[in-house]
Amino acid sequence: MQQSANGAQIIIHASPKLGQGLRHRPPVAILRFTVILPPMVAPLSGPNSPQQLPQSVICADLLRKEVLFVTGKGGVGKSTIAQAFARQAAQAGKRVLLVELEAVSRAGPLLGVRHPGPQPQRAASNLDLMALDVMDSLRYFAVQQLKLETLVNLALRNKAVESFFQAVPAIKPILVLYQVWHMMQVHGPRGDKRWDLAICDLPTSGFVQGMYQIPRTLQQAFRVGPVHNYATGMRAMLADPGRTGLVLVTLPEEMPVVETLELQAILQREHGVQPAALILNSVVPAGIAPDDAVMIEQLTAEPADHAMRASLWAAQLLAGRRQRALDLLPQLVAAAHGRVLQVPCLFRRELPLAQIDQIAAQLATDLAVAPA
Amino acid sequence: MKHSARRARDLATAKLVVLAGSGGVGKTTTSAALALAYAIDGQRVLVLTIDPARRLLQALGLQTEHASGEAVTPNVAHEVLPRLAHLLPATQHGLGLGQGGTLHAMMLDPTTGAIAMVERLLPNPAMRDQVLNNRIYRAFLPTLQASPDYMALELICELAQSGAYDVLVLDTPPMHNALDFLRAGHTLASFINDRVLKWFAKVPLPGKKATGLAGLLGTGGSMAMSVLGRLFGADTIPDVAEFFVSFQEVLPRLRDRALATDALLRAESTHFVIVTAPGETSLREAKHLHHTLHSHGIGATGFVVNRVLRLPAELRSPVNAPQVAEVLANSGIAVDRAQALAGHLQLAADRLRHLDIADQEHLRSLRELAGHGGLCVSVPQREGDIHNVAQLAVLGRTVLDGARGEVVF
């Protein structure tokens, strides 16, 4: 093992038995561990058998970055996870900018922001919300470049220019990326940065591929000039794991997991990007023990107690789902070098703020039992 | 609006069915199921997907393992019905084949699609090479992968005009905004039609003199160009101009195609089926999509709601834990343990019941939105995916019949 003594410490805590004790330690102790963890470390427990790192360690590492990109296949709960990270970071004292790109804002109703738009709006203590559209980002880029807002507005009001930018394939990722990158450098009147962490709720995995591809495309298309320079700067930011982290969210079902692993492999192969964390969302919590279920089944085989049989059916259905999640876990842990966070299923079709905060707390809490 | 909502019963005579919905709701599986049902009815069907995980082909049994690396050539129609027929129940076995039904599956690769399109539109090899070798075109080619909306539409239009199929089923690309897809043809057409083309094409190429710029665009236009020059570097404007010059041959034809795709989406024989799944987010997006289609003058035919929990009647009311504990205790289990077990059972039952209450509410509101004659099919949740061709056929049949209610496997 070529880890430093500090690195070795972390490995010890990643082991299931000691991990159990870890969750009762005061936060100070957890912080001390996280400080010594180098950003984006290689497999901590050897290449052959990566173990799941404690959630508190992964979460603290994620929140130390400048920008988090949260993505995944549709319907896996990536917006929920982005919101939960935003709440978690804001509660930990970070000044957070949550960025949404959807046509229908999800965080707006949740956080009580009626009309989220290109201007960041205060949604909660330490938490600002921003919703972006391609023309917003283009305007932002142009204004930053030229410093002449009137001129920019005149130029962008030209219908030809607007239809050009609406039609250019995948221009949105680069403009959004530019805006987020630039906003994170903005300093307040006292020279301090306005936000510590931007969390971007990205649409689809195609968008993410575009995001990593486009700086390269622009470098090729514009060999010199400001665009070339920005493309170079953004590529550097994306490639710096200390500043940016990619968070891939999946559900504990076969197809979403396979697709997540495929995306991870493509990003690794084409762009040398390793996700900062994989999130296994909506894992059914432990319920009835399998032996007990079998026993009850035998007991209920004879008497026709419908209610009991039905509730046993419910318990077994949930146990089956949990087992499938645990079966899928090792592949994810291996692919992410132990950086997997599990989020429990809350059995709700809608998630009001109290539930988002519950998930936020879970993200930073070590699991009682690590999977075998 | 001229067009009202399509009737569900007209699905049987549709020429194009577009399945729309946010990602992860079972759109691809539903597309495969519907296509299969048409083929069993004796129609010549093609189903197009851009699914990166080849889920459609997997659903149809063309590719059984992800890791197998079996190459499925993109943008090529693969006949799948003969491979599936023997997997169907005896009552349906060979029906489609006997009646001339065929089922082709195609996977879109936008990049090779874009190259093929240029080749199709430009029969002159010299011109074709000029376009294909343009630096800007080549640089942007990989980014098409991230926005496959136009290429999917273009391919569907090509297939519709070919007359080789009776029905096309389009599994729409996963996109954050359904509007982009509907607009793709229109955006491109208006872009090509716009002065921007002439404008870029008239920008002086290196060593040549500018002509008529001010006259073409007026003061606003030259200012816009000056802004763009300062934004992107004045030296890149000629590159872009060269791109448009070499594309000039293609563009009018491209524009015609873009208008044709727009017309195809609005045709009476085109149906939009919104696929969704329980959950507040999916519901909100399905409603948004319904509204968006309506505001484009296209009425959605209705909804397919996947993964609806089917709860046994006994679980519709709360489980009486003390009573369950008593039954267990009477069977010889220690009272403490019986109570703990009963608590577990009650919790599981409560969890599923809460999901069920939300699902039923969800379905009610979609049924209302679909209206009379609209489609609203709910598909019970199964543990694991639908891999079984017979189940696919049942699902497809239920949707095709325009039924309201539940799929019964």
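The values are calculated or read from the model by the stated rules, or taken from the named source; none is laboratory data. Model, not experiment: these values are computed from the prediction. Quick reminder, even Gly has a Cβ in these numbers, built from the backbone with ideal geometry, and neighbours come from all protein chains shown.
Things worth noting here:
- For A:Val227, the criteria (1) more than 18 Å from A:Leu146 (Cβ to Cβ); (2) facing another protein chain (nearest Cβ under 8 Å); (3) buried (at least 21 other Cβ atoms within 10 Å of the Cβ) hold in every case but one, which is (1).
- Complete set of residues in segment A:315-369 that are farther than 25 Å from A:Ala265 by Cβ, surrounded by fewer than 21 Cβ atoms within 10 Å (Cβ to Cβ) and more than 14 Å from chain B (Cβ to nearest Cβ): A:Ala354, A:Asp357, A:Gln358, A:Ala361, A:Gln362, A:Thr365, A:Leu367, A:Ala368, A:Val369
- Selected residue [within 20 Å of A:Leu367 (Cα to Cα) and within 22 Å of the chain's Cα centre (by Cα)] from A:Val273, A:Val258, A:Val340: A:Val340
- For segment B:321-341, the candidate set comprises residues that are of a type in the set (Val, Ile, Thr) and at the interface with chain A (Cβ under 7 Å from one of its Cβ atoms); within that set, the residue that is surrounded by the most Cβ atoms within 10 Å (Cβ to Cβ) is B:Val324.
- Of the helices (runs of 4 or more DSSP H) contained entirely in segment B:117-200, those carrying at least 3 residues that are closer than 19 Å to B:Ala258 by Cα and modelled with pLDDT of 75 or more fall at B:149-162.
- Residues in segment A:85-109 that are among the hydrophobic types (A, V, I, L, M, F, W, C) and away from every other protein chain (no Cβ under 14 Å): A:Phe85, A:Ala86, A:Ala89, A:Ala90, A:Ala92, A:Val96, A:Leu97, A:Leu98.
Listed here are the residues, each with its yes/no results for (1) at pLDDT 85 or above; (2) closer than 22 Å to A:Trp195 by Cβ; (3) not in a helix (DSSP H, G or I).
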site: A:Ser79; (1), (2), (3): yes, yes, no
site: A:Ala82; (1), (2), (3): yes, yes, no
site: A:Phe85; (1), (2), (3): yes, yes, no
site: A:Gln88; (1), (2), (3): yes, yes, no
site: A:Ala103; (1), (2), (3): no, no, yes
site: A:Val113; (1), (2), (3): yes, yes, yes
site: A:Asp128; (1), (2), (3): yes, yes, yes
site: A:Asn153; (1), (2), (3): no, no, no
site: A:Phe165; (1), (2), (3): no, no, no
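- Residue within segment B:342-362 that is under 25 Å from the mean Cα position of the chain (by Cα), within 22 Å of A:Leu318 (Cβ to Cβ) and crowded, with 19+ Cβ neighbours inside 10 Å present: yes
- Scanning segment B:21-52 for residues that are modelled with pLDDT of 90 or more, crowded, with 24+ Cβ neighbours inside 10 Å and within 18 Å of B:Ala8 (Cβ to Cβ) returns B:Thr30, B:Ser31, B:Ala33, B:Leu34, B:Ala35, B:Ala37, B:Tyr38.
- When segment B:284-320 is filtered for residues that are within 8 Å of chain A (Cβ to nearest Cβ), touching a residue at least 40 places away in the same chain (Cβ under 8 Å) and surrounded by fewer than 24 Cβ atoms within 10 Å (Cβ to Cβ), the ones remaining, listed by number, are B:His288, B:Leu315.
- A:Leu299 vs. criteria crowded, with 21+ Cβ neighbours inside 10 Å and not in a loop (DSSP other than H, G, I, E, B): no
- Any chance A:Val257 is touching a Gly at 6+ places or on another chain (Cβ under 6 Å) and hydrophobic (A, V, I, L, M, F, W, C): no
- Which listed residue is over 23 Å from A:Val247 (Cα atoms) and at pLDDT 90 or above, from A:Ala372, A:Ala314: A:Ala314
- Within segment A:265-314, tally of residues that are of a type in the set (S, T, N, Q) and within 11 Å of chain B (Cβ to nearest Cβ): 4
- Number of positions in segment A:198-210 that are within 19 Å of B:Arg138 (Cα to Cα) and more than 8 Å from chain B (Cβ to nearest Cβ): 0
- Near pairs, Cβ below 6 angstrom, 6+ apart or cross-chain, from segment A:179-198 (free of Cβ contacts under 8 Å to residues at least 24 places away in the same chain) to any residue that is assigned to a loop (DSSP other than H, G, I, E, B) and not small (Gly, Ala, Ser): A:Val186/A:Arg194; A:Gly188/A:Arg194
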